[in-house]
């Protein structure tokens with residue numbers, strides 16, 4: 001099986017697909033920083049080292065850049081890339097076959113424009129560079145911050161055009177199957193400027209049906225696939241109509257696979273008749289949170305997405321602690337064994353020398369606040385958390401006796417670095433006032449549960465252990481996302497200021513990635529459709 005990976009990022013989905021038997025035909029990524037990690041792990045290509053020695057990459061090619069040299073390219077703002085046909089420095093070879101197995105750094109918009117103008121390249125991609133069976137899969141997760149509940153949720157936002165560019169690429173290359181991954185926010189309708197409801201996922205499904213694909217829409221959660229994160233996601237698996245007819249012949253009448261695809265097939269036929277005018281309401285998505293849908297997942301080709309055992313944060317992280325680390329859990333042993341096929345240049349860590357596991361320095365005041373967050377997570381009562389944060393934010397100066405009765409049972413980090421309880425409510429209130437914060441979302445992880453969905457910058461969460469009053473390392477974030485320990489993240493560790501608009505440092509690479517274990521499970525599902 002072969003695939004083209006769009007919006008490849010550092011390579012989480014590609015790693016999972018590779019493990020499930022897919023060979024990479026070509027990849028595309030906008031960010032040079034994420035591309036640096038992809039190149040290192042999949043091609044043994046150290047772009048930073050090549051840049052220092054004034055050499056060029058052989059597997060990582062720029063669609064077009066403002067720079068001829070590699071070094072400035074690695075920090076280039078990708079939103080300033082020249083168009084593919086404008087003045088600049090392009091690495092795209094005249095012989096299209098030389099793009100086989102390569103990573104193309106550049107915008108999907110410009111890549112589609114290149115395919116519009118280059119019939120030979122389009123043919124090479126459509127045939128997977130001469131593969132007898134043609135191209136099997138185009139996969140990827142278009143970044144859609146505006147669909148995210150944390151984003152601005154605008155209909156007419158540039159970032160929201162990317163699923164349509166994904167569809168345009170699929171129309172060019174005609175794979176048997178296309179798989180699109182997105183944030184769960186794409187499922188929530190939002191209003192346009194005229195007050196009309198806009199269902200982005202439905203519109204995307206319509207576009208794929210209009211170009212000849214039967215779209216199966218799913219709402220899944222990575223934790224059900226055995227990943228230590230409560231990470232809901234939208235997945236669309238779109239099967240080219242002629243290929244669907246071929247595989248549907250193998251479905252038994254009334255079986256689960258038929259039940260899953262039947263509404264999609266009707267929707268496909270309606271789109272052929274009505275096109276883009278088809279109103280909302282003719283297709284639903286299958287949701288793993290609904291018991292009636294869950295049973296369909298369990299008895300179909302999608303079973304791997306829901307049959308994983310729950311993995312806790314403790315199982316994912318406990319052996320990485322600075323103080324009192326445990327032995328690696330069965331989950332970690334299994335995770336590293338699962339992806340042990342990685343090339344030999346990526347050795348598994350020995351002792352405590354994990355890559356990307358540098359601890360970040362947190363000041364004493366921050367550490368004391370982290371301990372407070374740990375206590376609040378242990379108490380797990382929203383009204384108490386709200387009362388405490390009212391004082392932390394300076395909106396209140398008192399704490400009611402019921403909240404104090406609960407809080408007084410726990411130990412807090414003192415200025416002398418010891419953990420002690422407070423004897424006096426007023427002393428506790430003064431302690432809270434001495435540790436103000438304006439941060440809204442930061443919280444401690446819960447050891448015996450999966451991690452929350454929002455983990456992409458160090459400030460998103462602190463450790464669960466009272467002896468580890470710190471934010472997570474990149475490696476710990478990667479563990480939660482199910483990356484094996486021999487997957488190395490490259491480029492800057494973090495960023496800030498205006499650089500956040502275009503830089504994708506290590507923490508963000510991890511947070512944006514499709515968990516490799518989920519990629520593996522999705523690959524196994526799609527392999528059955530092939």
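The values are calculated or read from the model by the stated rules, or taken from the named source; none is laboratory data. Bear in mind the structure is a predicted one, so any value in this text is a computation, not a measurement. Cβ sites come from the backbone with ideal geometry, for glycine too, and all protein chains shown count toward neighbours.
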For residues in region 92-104 being touching a helix residue (DSSP H, G or I) at 6+ places or on another chain (Cβ under 9 Å) and within 20 Å of residue 2 (Cα to Cα), which is surrounded by the most Cβ atoms within 10 Å (Cβ to Cβ)? 103
Just wondering, is there one or more residues in region 463-476 that are surrounded by fewer than 22 Cβ atoms within 10 Å (Cβ to Cβ) and within 24 Å of residue 43 (Cα to Cα)? no
Keeping to region 295-317, report how many residues are surrounded by fewer than 18 Cβ atoms within 10 Å (Cβ to Cβ) and over 14 Å from residue 450 (Cβ atoms). 5
Look through region 266-294, keep the residues that are in a helix (DSSP H, G or I) and in contact with a strand residue (DSSP E or B) (Cβ under 6 Å, 6 or more places away or on another chain), and return whichever of them is surrounded by the most Cβ atoms within 10 Å (Cβ to Cβ). 268
If we keep just the residues of region 370-387 that are touching a helix residue (DSSP H, G or I) at 6+ places or on another chain (Cβ under 8 Å), in contact (Cβ under 8 Å) with a residue 24 or more places away in the chain and in a helix (DSSP H, G or I), which is farthest from residue 439 (Cα to Cα)? 379
Quick one: residue 422 ticks every box in (1) assigned to a helix (DSSP H, G or I); (2) at pLDDT 95 or above except a single one, so which number is it? (1)
So which residues in region 360-396 are closer than 16 Å to residue 458 by Cβ, surrounded by 13 or more Cβ atoms within 10 Å (Cβ to Cβ) and out of contact with any strand residue (DSSP E or B) (no Cβ under 8 Å at 6 or more places or on another chain)? 366, 369
Tell me which helices (runs of 4 or more DSSP H) are completely within region 2-115 and hold 1 or more residues being assigned by TED's automatic domain parsing to the domain that holds residue 304 and in contact (Cβ under 8 Å) with a residue 60 or more places away in the chain, or say none if there are none. 12-19, 32-43, 47-52
